Amino acid sequence: MPSVQSQRPPMLPAPRWADGEAALFKAGDRVRIAERFPIGHYRVPRYIRGKSGMVEAVIEPRAVNNEEEGFGRNAGSKRHYYRVALPMAELWQGYAGSARDQLKIEVFETWLIRG
Amino acid sequence: MPNHDHGHVDTEGSGDYTPGYYEILERSLAELLVEKGRIDANDIRREIEVLDSRNPALGARLVARAWCDAEFKKRLLANGRKACEELGITSYEDTELIVLENTESVHNLVVCTLCSCYPRAVIGLPPDWYKLKPYRARAVKEPRTLLKEFGTFIPDDMAIHVSDATAQVRYLVLPQRPIGTEDFTEEELAKLVTRDSMIGVVRLDPVQVHPGEVP
């Protein structure tokens, strides 16, 4: 089956993504998890808020922001989840174990801060 | 849901049973949905039937296939959901599946600290301990101590990667193929793969005897 790419006439520019459709982060990016404490149920556990790590992978496909969806809002809220790796020593003071031990967790784009 | 944690189960055999808060909530919601015609009772029964049809034998088939077929393993690690479909294992929910490969240098462990996210489509319902707070809290804070209590000793030169499933992704551990299974068939290998090894609380022991041989 020919790919979508090859079906496109050669003169046309590459497709432009609407806001929020293209992934803002890529594998290898340093990120910090936002330190917010909104009221309600949020799928970012507290123990990772404010902690730093690295994007390991962009999770496809884009997904509805399930925290917004919980309040009945889901139109236009599709963005990426990222698989983020955080060193255990970053999470827990005096962590007993290998310095290479890591936590991996998927975090929605709106919770990630660059750097 | 029967046997819910919050119910008071009668152990004396007197027939008394007081449903807990969540059981009453769940029943009321189901009754309302049926009464309003959004679903019918058969839809609920059918969903339970689908849930109950999933069990660790499905995951074991995936693992054994990955051990025997390097190309399949690549596809499984690249996109768990699609590779499952190759074996006829469909996902009934809108989640992705990431398969985590155990190696000589990395051991993977799966947890859901917020609730009980679990690769149900591939290995069925989670064991009770997986849903309880001690496991959920300790898996991310002191995984090595926790694993020791399961009889699993992870050497210092092996890293532990704990995957906390919180939203969109379900995780399944691909255990290392046990030593001593070089001449095993795929079906024989599948029998060695346990539920706990696919959660990552144990590693599979070396095998001494081929299933066809008398020890």
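Every number in this text was worked out from the coordinates using simple rules, so none of it is lab data. The shown structure was predicted, so the numbers you read here are calculated from the model rather than taken from an experiment. Cβ placement follows ideal geometry from the backbone for every residue including glycine, while neighbour counts extend to all protein chains displayed.
Results, tabulated for the structure shown:
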read-out	value
Calculated [θ] (222 nm, deg cm²/dmol) that DSSP helices of n ≥ 4 give over chain A, each run adding -39,500 (n - 2.57)	-1500 deg cm²/dmol
Amide H partners (placed H, <5 Å) of B:L100, local residues excluded	B:L172, B:V173, B:L174
Rounded to 10°, Cα long-axis angle of helix B:56-68 versus longest principal axis of chain B	20 degrees
Per-residue HN-Hα couplings for the range A:59-73 [Karplus 6.51, -1.76, 1.60; θ = phi - 60°; Hz; x = Gly/Pro]	8, 9, x, 4, 9, 5, 5, 6, 6, 5, 4, x, 9, x, 10
Unsatisfied cross-links (Cα-Cα over 20 Å) in the set A:K51/A:K104; A:K26/A:K51; A:K26/A:K78; A:K51/B:K148; A:K78/B:K133; A:K78/B:K36	A:K51/B:K148; A:K78/B:K133; A:K78/B:K36
Karplus-derived 3J(HN,Hα), 6.51/-1.76/1.60, for each residue of the range A:74-81, Hz, glycine and proline x	9, 5, x, 9, 6, 9, 8, 9
GluC sites (Glu not before Pro) restricted to DSSP loop in the range B:57-165 with at most 11 other C-beta within 10 Å	B:E93, B:E104
From phi via Karplus (6.51, -1.76, 1.60), per-residue ³J(HN,Hα) for the range A:95-101 in Hz, x at Gly/Pro	4, 9, x, 5, 5, 8, 5
Assigned charges on the beta-carbon of Lys, Arg, Asp, Glu; chain A dipole about Cα centre (debye)	140 debye
Candidate aspartates and glutamates for bridging to B:K131, where Cα separation is under 16 Å - those fewer than 8 sequence places away on the same chain excluded	B:D5, B:D164, B:D196
Distance histogram in 5 Å bins (all Cα pairs of the range B:51-107, percent per bin)	4, 17, 29, 27, 14, 7, 2, 0
B:H210, B:H161 arranged by Cβ crowding within 10 Å, fewest neighbours leading	B:H210, B:H161
Aspartates and glutamates with Cα under 14 Å of B:K74, excluding same-chain neighbours fewer than 8 positions away	B:E86, B:E101
Loop sites in the range A:23-115: trypsin sites (Lys or Arg not before Pro), DSSP, at most 11 other Cβ within 10 Å	A:K26, A:R36
Filtered GluC sites (Glu not before Pro), the range A:16-74: DSSP coil and at most 10 other beta carbons within 10 Å	none
Normalised per residue, the volume of the convex hull around the Cα set of the range A:23-114 (Å³)	93 Å³
Computed Kirkwood radius, in angstrom, where 1/r is averaged over Cα pairs of the protein assembly as shown	22.3 Å
Rg/Rh ratio calculated on Cα atoms of the range B:55-199 (Kirkwood radius)	0.95
Packing rank of B:115-126, B:48-59, where each peptide gets the mean count of other beta carbons within 10 Å, highest leading	B:115-126, B:48-59
Built amide H within the under 5 Å cut-off of A:A57, gap 5+	A:R83
